[in-house]
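K.L.:
Questions regarding the structure given below will be posed in turn.
The values are calculated or read from the model by the stated rules, or taken from the named source; none is laboratory data. Please read all numbers here as calculations on a predicted model, not as lab measurements. Counting neighbours? That spans all protein chains shown, and the Cβs are built from the backbone with ideal geometry, glycine included. We work out accessible area using only protein heavy atoms, side chains counted, and drop any ligands, DNA or RNA first. Shrake-Rupley method; radii C 1.70, N 1.55, O 1.52, S 1.80 Å.
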Amino acid sequence: MRTVAEFRIEYLRHLSPQGRPLEELPAFAADNDELLKMFAAMLRARTFDAKAVNLQRTGKLGTYAPCLGQEAAHVGVGAAMRPEDCLAIVYREIGTLFWRGVSMTEVLLYWGGDERGNNFAVPRHDFPWCVPIATQTLHAAGAAMAFKIRKEPRCAVAYIGDGGTSEGTFYEAMNLAGARQLPIVFVVVNNKWAISVPIEEQTAAETLAQKGIAAGIPGVQVDGNDVIAVRDCMSRALEKARNGGGPTVVEAISYRLSDHTTADDASRYRNEAEVAEAWKVEPMIRLRKLLESRGVLDEAREQAMKAEFTREVDAAVQEYLSTPRQSTDAMFDHLYANPPPYLEAQKELARRYAGTGRPSH
Amino acid sequence: MSVTFNLPDLGEGLPEAEIVSWHVKEGQRVEVDQPLLSVETAKAVVDVPSPYSGNIVRLHAKTGDTVQTGRPLVDFDLPSQVTKATDTSAPAQANQGMVVGHMATRNEELVDHAIVGRGRRAYRDRDRVRAAPAVRMLAKRLGVELSTCSATGRHGLVSVDDVLARANFGKSQQRSPAVPGLTDADKLRGARKAMAQSMSLSRDEIAMCTIFDDADIDRWQDRGDISIRLVRAIVAGIKAEPALNAWFDPTGPSRKLMEQMHLAIAVDTNDGLIVPVLRDVTSQSAAQLRAQLDDIKQRTRARTIAPEEMRDYTFTLSNFGTVAGRYATPLVVPPTVAILGAGKLQRDVVAGAKTPEIHVRLPLSLTFDHRCVTGGEALRFLAAVINDLQLPN
Ligand SMILES: Cc1ncc(C[n+]2csc(CCOP(=O)(O)OP(=O)(O)O)c2C)c(N)n1
Ligand SMILES: [Mg+2]
């Protein structure tokens, strides 16, 4: 017998959890302003996140899926993408959304059950929120196929979680992307948990990055709490895709420091020691230390940033809460160009229901 | 100015929460987002932050209390200008914007697990009224009891129009006349309440048909253990005709023939009718059955029997004849499909070979759900029961 195929998965990390550069940093990391911008984006996402949870707890927002702990993965991906690329999100990736120009008010509207939260003013061509996990991979593969057919130098990016990689959809999407060499990057955010299922029970594979191998797609693991490494790794994958080099699976290893959603209580299935360990390597620490060591960030500056984001969040909350309710038509209006009769009937029914004694706000 | 913060829905459609601890006191000043209290819901223990900066005037509940979603939790006194836009929780109605699904109150939604005669379907009587969440919400707002609406929608759903029709119907035409002067003390509880519910369910759902006959037990060699002979005869009946040991779901409609037989035995107690269950009766000896029966009867009368021991049965035996009564039309409780009643032993004049004779006979009443069981099946079952009972031992 002889070996006919072998695979290798590389792991990329630029900053130690304590913020020490481990090897030569990529060129963009020499630019302090650029790194500060990324730090600010992470802090902004975290500030918003905490407020969103509180809004849910006080009855002002529906169920919300926090991003706590995964800000570096999300911001790193956002920073590597070009505006004209196309993003397919799941429910947690506000760091990327904000980077791409989606507003806080839009995010609040979505989780408040308002369809306008799906209709991003910027960027117009990204996919809306989509809770069914793994479906994003096929949606993005479709977009990538379009880019390829139209010969546009654009890429699609699909998010998926560790739990999502067990879905058949993911394998179908990777197969298509591999077979057609589509310009797409599958970003697997391995936050170690899929609601209450730990990664050890999710798969027997050593890495999630290797799941692309069978579809002929190279995979790479990156420290998802190292925003420099994520951006670097993502930039390379996107550049390759844009130049006709085909797809990549990027597995960003991080940790879900929050409950799965506001309707979950992770303390029922997860031990505290594990969470305490994860807090020690959370993503803000290392970038903060690097920036402090370069003398461009200090406690006062961070507090000032934080205060500004708090004001911004509060303003967005005001705007969200004072947005007049939509009519019930909204939930039917964006499904089909020509709605089938049964949906028209439902829309009519909803209108009649809405007209009976329902408080307007 | 003063505003009330009502308990929001902390999960997805949770009806209530229990207060684990307060982190603030009356009279205290708090800042927005400062933790007010910890509550435990069916899903999680969560901290509820303050929606306002202001003074706490009143806490509406104590540690350990259960508060319904949407009910007052904390009264605040706020500096006058800050309430307007952020204040969605102050008016009780506005909270419903974030209610997901049907926000039932405890009475509507939760089921008394000590309920008798419910079979597998603990949630059955809620299922009985089928309606979309929006329709339920509408009914709730209009104060319409869903179960009093006709259900003209597809698949037996109560529609918006049904609720509206009911709302305009006027109070004079309720189903039963109201009994004046009732107080809380008159409310049925426990087994008696469960009986009222399961019997209503039975009446509403089942296509009852009852067959009467007698088993001639004159040849029994000793007086015999009637209860255990009845159990054995029912087992023989089910061997001959498995269709009566089944669960029926009319929504399919579907029928599941049960492999094991768990026999519910109706027991009369001062508190009402209780129906504990003999497990897996086909695989037990007479002595084992007797021991199990004595045990559950004793514990039933002592009211120490666990609710689980009264669930998941597949057939019912009502041995009412220990008191009086020859025949009856016992009621089948869904999802089971049959019940056998045994009346008081009779000394009957029967036709002998040439002359009248007096024989001891056991009167039998078999009720079955004719939606699911055919007349032929019921008769074959009953014939096998009688044959077995008529054996000398
Ligand atoms: C197709 C589909 N099946 C099931 C669900 C229910 N669900 C919501 S989140 C989740 C777990 C997802 O875990 P993972 O992919 O690791 O993502 P994470 O939530 O950790 O970001 C599941 C099963 C869903 N949203 N979509
Ligand atoms: Mg996960």
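K.L.:
As an exercise: evaluate A:ARG116 against (1) among the charged types (D, E, K, R); (2) open to solvent by 30 Å² or more (accessible area, probe 1.4 Å); (3) within 14 Å of chain B (Cβ to nearest Cβ) and give the number of the one condition it does not meet.
P.N.:
Against the list (1) among the charged types (D, E, K, R); (2) open to solvent by 30 Å² or more (accessible area, probe 1.4 Å); (3) within 14 Å of chain B (Cβ to nearest Cβ), A:ARG116 comes up short only on (3).
K.L.:
Could you tell me which residue of region B:251-268 is surrounded by the fewest Cβ atoms within 10 Å (Cβ to Cβ), considering only residues that are at pLDDT 90 or above and out of contact with any strand residue (DSSP E or B) (no Cβ under 8 Å at 6 or more places or on another chain)?
P.N.:
Of everything passing the filter in region B:251-268, B:GLU259 is surrounded by the fewest Cβ atoms within 10 Å (Cβ to Cβ).
K.L.:
Tell me which of these A:CYS233 doesn't satisfy, since it passes every other one: (1) within 16 Å of ligand 1 (Cβ to nearest atom); (2) in a helix (DSSP H, G or I); (3) within 21 Å of A:PRO17 (Cβ to Cβ).
P.N.:
(1)
K.L.:
Let me ask you something else. Is it true that A:ALA158 is over 18 Å from A:THR261 (Cβ atoms), part of a helix (DSSP H, G or I), more than 8 Å from ligand 1 (Cβ to nearest atom) and open to solvent by less than 40 Å² (accessible area, probe 1.4 Å)? Step through it out loud before you land on a result.
P.N.:
Values: over 18 Å from A:THR261 (Cβ atoms): yes; part of a helix (DSSP H, G or I): no; more than 8 Å from ligand 1 (Cβ to nearest atom): yes; open to solvent by less than 40 Å² (accessible area, probe 1.4 Å): yes.
No; evaluated as a whole, the condition is false for this residue.
K.L.:
Quick one: which residue in A:GLU319, A:GLU299 is surrounded by fewer than 19 Cβ atoms within 10 Å (Cβ to Cβ), touching a Ser or Thr at 6+ places or on another chain (Cβ under 6 Å) and acidic (Asp, Glu)? Give the steps one after another, and end with the answer.
P.N.:
On the way: A:GLU299 fails: touching a Ser or Thr at 6+ places or on another chain (Cβ under 6 Å).
Going through A:GLU319, A:GLU299 in turn, just one is surrounded by fewer than 19 Cβ atoms within 10 Å (Cβ to Cβ), touching a Ser or Thr at 6+ places or on another chain (Cβ under 6 Å) and acidic (Asp, Glu): A:GLU319.
K.L.:
Would region A:257-273 turn up any residue that is within 15 Å of ligand 1 (Cβ to nearest atom), open to solvent by 50 Å² or more (accessible area, probe 1.4 Å) and either touching a strand residue (DSSP E or B) at 6+ places or on another chain (Cβ under 9 Å) or aromatic (Phe, Trp, Tyr) (or both)?
P.N.:
Yes: one or more hits.
K.L.:
Does region A:26-48 hold any residues that are in contact (Cβ under 8 Å) with a residue 60 or more places away in the chain and of a type outside the set (Phe, Trp, Tyr), and which are they? Show your work before the answer.
P.N.:
Residues of region A:26-48 that are in contact (Cβ under 8 Å) with a residue 60 or more places away in the chain, as a first pass: A:26, A:28-29, A:32, A:35-36, A:38-40, A:42-44, A:46-48.
Within region A:26-48, A:PRO26, A:ALA29, A:ASN32, A:LEU35, A:LEU36, A:MET38, A:ALA40, A:MET42, A:LEU43, A:ARG44, A:ARG46, A:THR47 meet the criteria.
K.L.:
Restricting to region B:138-151, and then to whatever is open to solvent by 40 Å² or more (accessible area, probe 1.4 Å) and in contact with a strand residue (DSSP E or B) (Cβ under 8 Å, 6 or more places away or on another chain), can you tell me which residue is farthest from the other protein chains (Cβ to nearest Cβ)? Give the steps one after another, and end with the answer.
P.N.:
Within region B:138-151, the first condition is being open to solvent by 40 Å² or more (accessible area, probe 1.4 Å), and the residues that meet it are B:140-143, B:145, B:147-148, B:150-151.
Checking the rest, the ones that are also in contact with a strand residue (DSSP E or B) (Cβ under 8 Å, 6 or more places away or on another chain) come to B:150-151.
Numbers: B:SER150: 17, B:ALA151: 15 Å.
Checked region B:138-151; the qualifying residue farthest from the other protein chains (Cβ to nearest Cβ) is B:SER150.
K.L.:
Find all pairs meeting these conditions: Cβ atoms under 9 angstrom apart; at least six residues apart or on different chains; first residue within region B:296-312 and open to solvent by less than 60 Å² (accessible area, probe 1.4 Å); second residue hydroxyl-bearing (Ser, Thr, Tyr) and outside any helix (DSSP H, G or I).
P.N.:
Pairs that qualify, where the first residue is open to solvent by less than 60 Å² (accessible area, probe 1.4 Å) and the partner is hydroxyl-bearing (Ser, Thr, Tyr) and outside any helix (DSSP H, G or I), are B:THR300/B:THR269.
K.L.:
Does region B:232-250 include one or more residues that are closer than 19 Å to B:GLY343 by Cβ, open to solvent by less than 20 Å² (accessible area, probe 1.4 Å), in contact with a helix residue (DSSP H, G or I) (Cβ under 9 Å, 6 or more places away or on another chain) and in a loop (DSSP other than H, G, I, E, B)?
P.N.:
No, that holds for no residue.
K.L.:
Turning to a different aspect of this structure: If I filter region A:5-16 for residues that are assigned by TED's automatic domain parsing to the domain that holds A:MET284 and farther than 30 Å from A:ILE213 by Cβ, do I get at least one hit?
P.N.:
Within region A:5-16, not a single residue is assigned by TED's automatic domain parsing to the domain that holds A:MET284 and farther than 30 Å from A:ILE213 by Cβ.
K.L.:
State whether one or more residues within region A:29-52 are within 14 Å of chain B (Cβ to nearest Cβ) and farther than 22 Å from A:LEU297 by Cβ.
P.N.:
yes
K.L.:
Quick one: in region B:269-323, which of the residues that are basic (Lys, Arg) and assigned to a loop (DSSP other than H, G, I, E, B) is modelled with the lowest pLDDT? Full working, then the answer.
P.N.:
Initial filter on region B:269-323 (basic (Lys, Arg)): B:279, B:290, B:297, B:299, B:301, B:303, B:311.
Right, trim to assigned to a loop (DSSP other than H, G, I, E, B) and you get B:279, B:303, B:311.
Values: B:ARG279: 91, B:ARG303: 79, B:ARG311: 84.
By that ranking, first place goes to B:ARG303.
K.L.:
Now, a different point. Of all the residues that make up region A:177-191, how many are out of contact with any strand residue (DSSP E or B) (no Cβ under 6 Å at 6 or more places or on another chain) and open to solvent by less than 50 Å² (accessible area, probe 1.4 Å)?
P.N.:
Here is the first cut: in region A:177-191, the residues out of contact with any strand residue (DSSP E or B) (no Cβ under 6 Å at 6 or more places or on another chain) are A:178-183, A:191.
Within this subset, residues satisfying the condition of being open to solvent by less than 50 Å² (accessible area, probe 1.4 Å) are A:178, A:182-183, A:191.
Total satisfying the criteria: 4.
K.L.:
How about region B:107-168: which helices (runs of 4 or more DSSP H) wholly inside it have at least 1 residues that are modelled with pLDDT under 50? Show your work before the answer.
P.N.:
Numbers: elements: B:124-127, B:133-142, B:160-167.
So the answer is B:124-127.
K.L.:
Counting only residues that are open to solvent by 20 Å² or more (accessible area, probe 1.4 Å), small (Gly, Ala, Ser) and either under 16 Å from A:VAL90 (Cα atoms) or in a helix (DSSP H, G or I) (or both), how many does region A:119-153 have?
P.N.:
Summing the residues that are open to solvent by 20 Å² or more (accessible area, probe 1.4 Å), small (Gly, Ala, Ser) and either under 16 Å from A:VAL90 (Cα atoms) or in a helix (DSSP H, G or I) (or both) in region A:119-153 gives 2.
K.L.:
Can you run down the residue pairs with Cβ atoms below 6 Å, 6 or more apart or on separate chains, where the first is in region B:18-45 and more than 9 Å from chain A (Cβ to nearest Cβ) and among the hydroxyl-bearing types (Ser, Thr, Tyr) and the partner is open to solvent by 60 Å² or more (accessible area, probe 1.4 Å) and outside any strand (DSSP E or B)?
P.N.:
Once the first residue is more than 9 Å from chain A (Cβ to nearest Cβ) and among the hydroxyl-bearing types (Ser, Thr, Tyr) and sits in region B:18-45, its partners that are open to solvent by 60 Å² or more (accessible area, probe 1.4 Å) and outside any strand (DSSP E or B) give B:SER21/B:THR63.
K.L.:
Taking region A:55-76 on its own, how many of its residues are open to solvent by less than 10 Å² (accessible area, probe 1.4 Å), among the aliphatic types (A, V, I, L, M), within 16 Å of ligand 2 (Cβ to nearest atom) and within 20 Å of A:GLU106 (Cα to Cα)?
P.N.:
Residues flagged as open to solvent by less than 10 Å² (accessible area, probe 1.4 Å), among the aliphatic types (A, V, I, L, M), within 16 Å of ligand 2 (Cβ to nearest atom) and within 20 Å of A:GLU106 (Cα to Cα) within region A:55-76 amount to 1.
K.L.:
Something else about it: Every residue in region A:157-191 that is acidic (Asp, Glu) and away from ligand 2 (no atom under 16 Å from the Cβ), please. Can you show your working first?
P.N.:
Initially, region A:157-191 is screened for residues acidic (Asp, Glu), giving A:162, A:167, A:172.
If the condition is that a residue be acidic (Asp, Glu) and away from ligand 2 (no atom under 16 Å from the Cβ), then A:GLU172 is the only one that fits.
K.L.:
Name the residue, out of A:GLY76, A:GLY69, that is on the phi < 0 side of the Ramachandran plot, away from chain B (no Cβ under 14 Å), within 13 Å of the chain's Cα centre (by Cα) and modelled with pLDDT of 95 or more.
P.N.:
Details: A:GLY69 fails: on the phi < 0 side of the Ramachandran plot.
After applying the criteria, what remains is A:GLY76.
K.L.:
I've got another one for you. Restricting to region A:1-46, give me the number of residues that are surrounded by fewer than 15 Cβ atoms within 10 Å (Cβ to Cβ), under 24 Å from the mean Cα position of the chain (by Cα) and more than 28 Å from A:ILE94 (Cβ to Cβ).
P.N.:
Looking only at that region, the number is 1.
K.L.:
Let me ask something else about it. For A:THR137, only one of the following conditions fails: (1) at pLDDT below 95; (2) within 13 Å of ligand 1 (Cβ to nearest atom). What is its number?
P.N.:
It is condition (1) that A:THR137 fails.
K.L.:
When B:ARG229 is evaluated against the numbered criteria (1) surrounded by fewer than 17 Cβ atoms within 10 Å (Cβ to Cβ); (2) farther than 19 Å from B:MET310 by Cβ, which criterion, by number, is the only one it fails?
P.N.:
(1)
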